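Contents: one structure, followed by commentary.
The values are calculated or read from the model by the stated rules, or taken from the named source; none is laboratory data. Note that this is a predicted model, so its numbers are computed, not measured. In this analysis, Cβ positions are derived from the backbone assuming ideal geometry, glycine residues included, and neighbour counts consider all displayed protein chains. The accessibility values were calculated without ligands, DNA or RNA, using every heavy atom of the protein model including side chains. Shrake-Rupley method; radii C 1.70, N 1.55, O 1.52, S 1.80 Å.
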Number of protein chains: 2
Amino acid sequence: MPQDTRVSLASDLKSAQIAKPPLQPAASQALPYTIHDYSSYSANFLPEKIKQNSPQDQSSRWASGSHNQLQFITLKLDRISIVHTITFGKFHKVHVCNLKEFKVYGGLTPNSMFELLHGGLRNDTEPETFSLKFKANGVYFPCQYIKIAPLLAWGANFNFSIWFVELRGISQSEPADQAYAEYMNYRENEVVRLCLKHFRQRNQLEIFESIQRRTKIKLEDPLLTDLHRHLVVNGDFAAAEDVIQDASQRSLFQDWIRRSVSSNGCKPVWKRIQPATGEGCPSSRGGHQMCIDAECGRIYLFGGWDGSKDLADFWVYDRTSLRWRCISPDTRRQGGPGPRSCHKVCIDTRNKIIYTLGRYIDTDHRPIMNLDADFWKYDVSQDKWTKISEDTTQEGGPDLIFDHQMVIEESTQVIYVFGGRRVQAGQDANQSVFSGLYAYNIRDNRWSLLREDTTPADHAVQMKSRVGHSMLLSPETRELYIFAGQRSKDYLSDFYVYNIESDTVHEVSRDYSKKGGPNPGYTQRATIDQELGELYVMSGLMKDKMTSNEQLRNTFWIYNIKLDTWTRVYHNDSNPDEEYWERMADKEPRPRFAHQLVYDWTQKVQYMFGGNPGLSTNPGLRLNDFWALSLQRPRNEDILRHARFFIRKQKFREMCVSRTHSPQQLLHYLQNDLSEVVDHADPHESKSFRELTSWLFMWNTFKGPGGTPLFGFSDSATAGGHPAGHPSAQANNFGAGGMVAMGTDSGNLPNDIYSFRTELYSRLIEYFPEEMREPKQSLVDLVPII
Amino acid sequence: MPQDTRVSLASDLKSAQIAKPPLQPAASQALPYTIHDYSSYSANFLPEKIKQNSPQDQSSRWASGSHNQLQFITLKLDRISIVHTITFGKFHKVHVCNLKEFKVYGGLTPNSMFELLHGGLRNDTEPETFSLKFKANGVYFPCQYIKIAPLLAWGANFNFSIWFVELRGISQSEPADQAYAEYMNYRENEVVRLCLKHFRQRNQLEIFESIQRRTKIKLEDPLLTDLHRHLVVNGDFAAAEDVIQDASQRSLFQDWIRRSVSSNGCKPVWKRIQPATGEGCPSSRGGHQMCIDAECGRIYLFGGWDGSKDLADFWVYDRTSLRWRCISPDTRRQGGPGPRSCHKVCIDTRNKIIYTLGRYIDTDHRPIMNLDADFWKYDVSQDKWTKISEDTTQEGGPDLIFDHQMVIEESTQVIYVFGGRRVQAGQDANQSVFSGLYAYNIRDNRWSLLREDTTPADHAVQMKSRVGHSMLLSPETRELYIFAGQRSKDYLSDFYVYNIESDTVHEVSRDYSKKGGPNPGYTQRATIDQELGELYVMSGLMKDKMTSNEQLRNTFWIYNIKLDTWTRVYHNDSNPDEEYWERMADKEPRPRFAHQLVYDWTQKVQYMFGGNPGLSTNPGLRLNDFWALSLQRPRNEDILRHARFFIRKQKFREMCVSRTHSPQQLLHYLQNDLSEVVDHADPHESKSFRELTSWLFMWNTFKGPGGTPLFGFSDSATAGGHPAGHPSAQANNFGAGGMVAMGTDSGNLPNDIYSFRTELYSRLIEYFPEEMREPKQSLVDLVPII
């Protein structure tokens, strides 16, 4: 994708706003503050109390004087700062007045604040630290005021208490002043761009020119300015189509295709990969491990549980030959590891080395088994296993664990291992059952512990250890995405980013299921496409929110990293019968858990193998079916055709009312130019096309058919559904209302034609990356009315 | 006050937006809707259920699937409408899922909504109707979407249920479309005005001119445009002072003086009026009645309770002679009413007639007393009492009541009586103890019942009957303001407006104590100044929010009708000892209740007489002190002087840095022109003046003293307290940030001089009525960042 061309405007606009390392959380310091304002307080629980951290002192807190939704406390920082985190201290016992739900706002003045966090505290005794939003649109957000608004206490009808608040961030004058100046500059630019958009939409081109000439600020990418001139100002539809064609060739619609996942669907296409007759393939299993060397087109599979025993066979699937090959029926024979399940593997595709760590051992067998944490590597080119360590515990690495996560950063040759449950022989009360975050440096053969599970929470964002979670590496940003899983009885749907460079944790979400993401689940599998900026999640056992029952249901989700949005693109029907799945055996995979998923980012295909179908009638049953899942998204050429259809519809309508074309000419245009850009197989498009014929009979009148507005888009796919002819068809867009009173430019062009061309323009630019476009907001929508 | 001149711009801008009667609540109809969106639901409690009103059916409700703060249900109206009220139906039993707190939003699209109501339902079985905000800034607010966001259920941790929702308002196409067009036009105008403000503040005068020329929209009143030209563009400080002087003479600062009540204080001045030696005055009492004929300067006082018996004496106080005169020691002797307390009086100042109705009769005495509701009038000019009615009950009027309210509308000769408790001989379970709203037509001698207390709530806003409340008439708008009081065990702090013309009730607030108003109380007294648009409240017994104890504490509040703001301007110290009040006997009234208050709007003086000091050691003690309370507000000349001080400071600083004046000239200007506009007795002003001398030594440098910005206002009274020299001194105002990158106009004028003159301008226009000024908002503050 030609990144360079399409981000030209964005980099232009934001040239002064490049992330400065000093503003990152790694440099955070405690920010002194005073109490600026508050809603109320009770007794002697004064607002100032939150400045002191005295968990033993029951009076060391602010308590609101009421528990309505109007309560707040506003802190004033000594200096304008970039605020990274907020830490809430707590009482040394659980307390009904703790905040179950709250919001945090920040801003430069108490009257103009933005929401930085919507969170909640656990009702326990541990301090909690939350990441605040401190950057948006490429600029850091300077604050001098931080407002905390309690929403719900743990005890209903109890007033709210806050025991202690610490804010951390950057307040040193140089970086903070710099960020402040960039922020102010950004706001000024955005205002001018909103004005430019506003006046151009209203055909106030003289004002537009004047603003542009004096400020030199660009509204949008020059390509779109061209499109606007051709389409809206000149009505040169052919030239407009050329711009679209050009954009299509430059892959500018890719961004829209990704964004469109959430709206108009991205169809999941399952394909079962059957072994050729007589060919072997791995036997049925769950709890096995897979890894992929995407560039070579090879998928490796090792071990698992077949329903009665652990396996030690080792396979490779070749994408080109479509064949499985058994590397070894038992890796022990090559001096490799023994049978295992619930272990983890990862592959270093540069050096063609596969690593494996951990395994599950049944509680009954623990007394008689070796519980050492062995650690192995397999050299693909030499077909050779090496035992890196007899017992990683002895080398400062993790104990023997299972249901952990493991990823490799190839560039630095470091393996990260997070979470998992310790395989413990007896009950050692002093030891946490959950394993922390470890890094293994391959070159030095050295383990280091980055986060202990039992580390007391200080002012850093805490990421609790867990099992059955997901962890993915983003090599470019050097971040680990860690989410979901289970901790004791809690099913999690939280989301953290661990920054390798700065060794800091950022909480993206405490519960993404509330923001439209997957419900908490267990044994979900996740993959990443760095190029598309997407994570994929295939859920296994889901927890039903209402009943708290476990439910076996596979769903497939796309998470857009940049937009922080979850979209479910596949789910199997709930509880169809056994017969159904037999019938679908080659079409759609039956529900399962303990399956395995890998992603081939070069071909954009997910591969899934085996798992446990969770049949109560046959609990030992495991699967060995192998599936490819690809996502069918809108194609570049579809967008191009759609855009052309819109443009030609507008041209046709203008032809119809212009009185300069004969009915024959109009019919010819309809049957040729328009028809050729219609997908006649699509009932909606086809209908929209057929309706255009009625315009032929209106060619000599200025009224549209059925009294609809002349160029309204009420017949189009995304129309809002307002009653035709009602002014709301233009609501919040650019109603003629505002133009009535003004003189407008572009001489002879009737305002309604200009308006409707503008509406068409607004629709067409949706296909372009946001960085190229005029601002999304409209000034009229920003004006407070009530 | 020359209303005509100062509202010229406002009427100009809003000429098309004059209230159309068809859009008023009187014409309200039920508005059909569909469910557009919702957050979640439980089981079969589908969102659609709220369209049906089936209080008997426990399943006829929407129940959210969670009780977090993200729950909502969005209704889509069939047509764009002006929405006046929302009615919530309920289950036939109290229910834990009822909404204790919720918000209602409305808008033309689901993405751009404004808060219309923040309310809460009682946990009972009666439907409740709430007024929604439907008009702001003189324009009606059209909606097509209404979103209800539950915030709190009565049962903690219960999901939210809504049983039934009815929306009422205007949807007929003609008035609604008209309102829509006016609304859109208003928004367009506001956007242009915001742009005008923005670019002028940034010295982008070419853009400013271009927008003004093309749109013909005025930013502000021409007077202020003149001020801007003189002050900011030309630096003609003398001419700027002339504009201010002119404004002062035209009383344009009156509006600011009223608004300023809430910020910089309005000092209460108590003056005890002692009878001249040997002169009589009414004896000690509480529960008496007073009324005032302000234009004649006469205050009438009738009856009361002296601690052991009801009184029937009748007095008049003359403002000119400062004397009380006893009209009658016992009105029975003139054929007038007998002794009474807790009755009500009102005066028809046109015809000089005083009316009295109701009285309290102790429960013990009821069996032996006549409980007929007698109704009397007193003709002042003829000194004659007439019994209008032996028993108003017989004539369709109220029963014998006490602690009610009574006002007279002189123009229509109608008396309104609301609330009060019925004096009942026995226990009549079928009869409500509270009296409803009655109108007595004097000309026809006819009573009519406007609102029964027991009327079942339908789709109208319900105003429950009560005792010990306040009721005031606004003759111009023909509205009754009804607020506070007590109903059974509930102490109220609600606020209703009854519109006489349309016979409708509007709920201004369910609990104004949450919005900074007085706490609920009992026997508060209220008066009104129609001219200033203010209500005054003197509280009596207050209910302490935390302890629920009654507390005797007098506070005096101003309510600004237009701004809907409460300001407490006086309160006596809490619980000083008896000795303190003896010492203060002539300086400040001791706390009391059952006192009486009247307001002389011609002189702007409140008069208070007597009351019960609530001494537990002497429960029979009543007071007979007489007080005048006036409010000392900023004077016109103070504002003028302040404005001049600001202007001359700016001039002086510019002189200092211009290098065109000798130190002698500068010193001369400081010691004469500046000094003469300083109140040297005011320590703050005096300090600010003295600090200016340091500029003398900076006259030949461009750096301000102490490295402060050149023309910063950090030394001035209202400066924000940002660290001097920090960019935040300009935060959210018009920082130089935005201007750096732009070419600016006004040729040679350095941008910083223009900026600081602009800041001065922004400060000066604060003194002018809002309708004359540029918009309050700034575009930069409206741009969403996060």
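Some observations on this one:
- With label points set 7 Å from Cα along Cα→Cβ, the inter-copy distances at residue B:367 are 8.9 nm, sorted shortest first.
- Coil-residue GluC sites (Glu not before Pro) of region A:479-515, DSSP, other Cβ within 10 Å capped at 16: A:501
- When the protein assembly as shown is described by a simple charge dipole with +1 on each Lys and Arg Cβ and -1 on each Asp and Glu Cβ, the residue from B:203, B:677, A:167 located farthest towards its positive end is A:167.
- For the peptide A:774-782, the mean number of other protein chain Cβ atoms found within 10 angstrom of a residue's Cβ is 5.
- Hull volume in cubic angstrom per residue (convex hull over the Cα atoms of region A:93-175): 104
- The residue A:350 and residue A:384 beta-carbon pair, evaluated with R₀ = 25 Å, returns a calculated FRET efficiency of approximately 0.90.
- Peptide A:189-202 has a mean shielding of 5, counted as Cβ atoms of other protein chains within 10 Å of each residue's Cβ.
- Calculated diffusion of region B:336-456, Stokes-Einstein form, Kirkwood radius summed over Cα pairs, 25 °C and 0.890 mPa s, µm²/s: 167
- Panel note: the C-alpha atoms of chain A, placed on their principal axes, show extents of 94, 80, 48 Å (largest first).
- Per the axis that maps chain A onto chain B, nearest residue of A (Cβ criterion) and its distance in Å: A:156, 1
- Relative packing of B:399-408, B:90-99, B:607-616, which averages over residues the other C-beta atoms within 10 Å, highest first: B:399-408, B:607-616, B:90-99
- Interface residues, region B:506-528 - accessible area loss of 10 Å² or more versus chain alone, probe 1.4 Å: B:514
- Buried accessible area, chains A and B (both chains, 1.4 Å probe, Å² to nearest 100): 7000
- Normalising the average separation of contacting C-alpha pairs (under 8 angstrom, six or more residues apart) by the number of residues puts the relative contact order of chain B at 12 percent.
- As a ratio to 2.2 N^0.38 Å, the alpha-carbon radius of gyration computed for region B:212-366 takes the value 1.79.
- Using a 7 Å projection from Cα along Cα-to-Cβ, the label point at residue B:57 is separated from the same position in the remaining copies by 5.9 nm, smallest value first.
- Selection of trypsin sites (Lys or Arg not before Pro), region A:321-398, meeting DSSP coil and at most 13 other Cβ within 10 Å: A:350
- Shown for residue B:277: label points 7 Å from Cα along the beta-carbon vector, and their distances to the equivalent points in the other copies, 13.5 nm in ascending order.
- Its alpha carbons considered, region B:523-658 gives a radius of gyration followed by a Dmax of 20.5, 75 Å.
- By the compact-protein rule of thumb, 2.2 N^0.38 Å, the alpha-carbon radius of gyration of the protein assembly as shown corresponds to a ratio of 1.07.
- Region B:134-191 - accessible surface per residue (Å², probe 1.4 Å): 28
- Counting Cβ atoms of other protein chains within 10 Å of each Cβ in A:208-215 and taking the mean gives 6.
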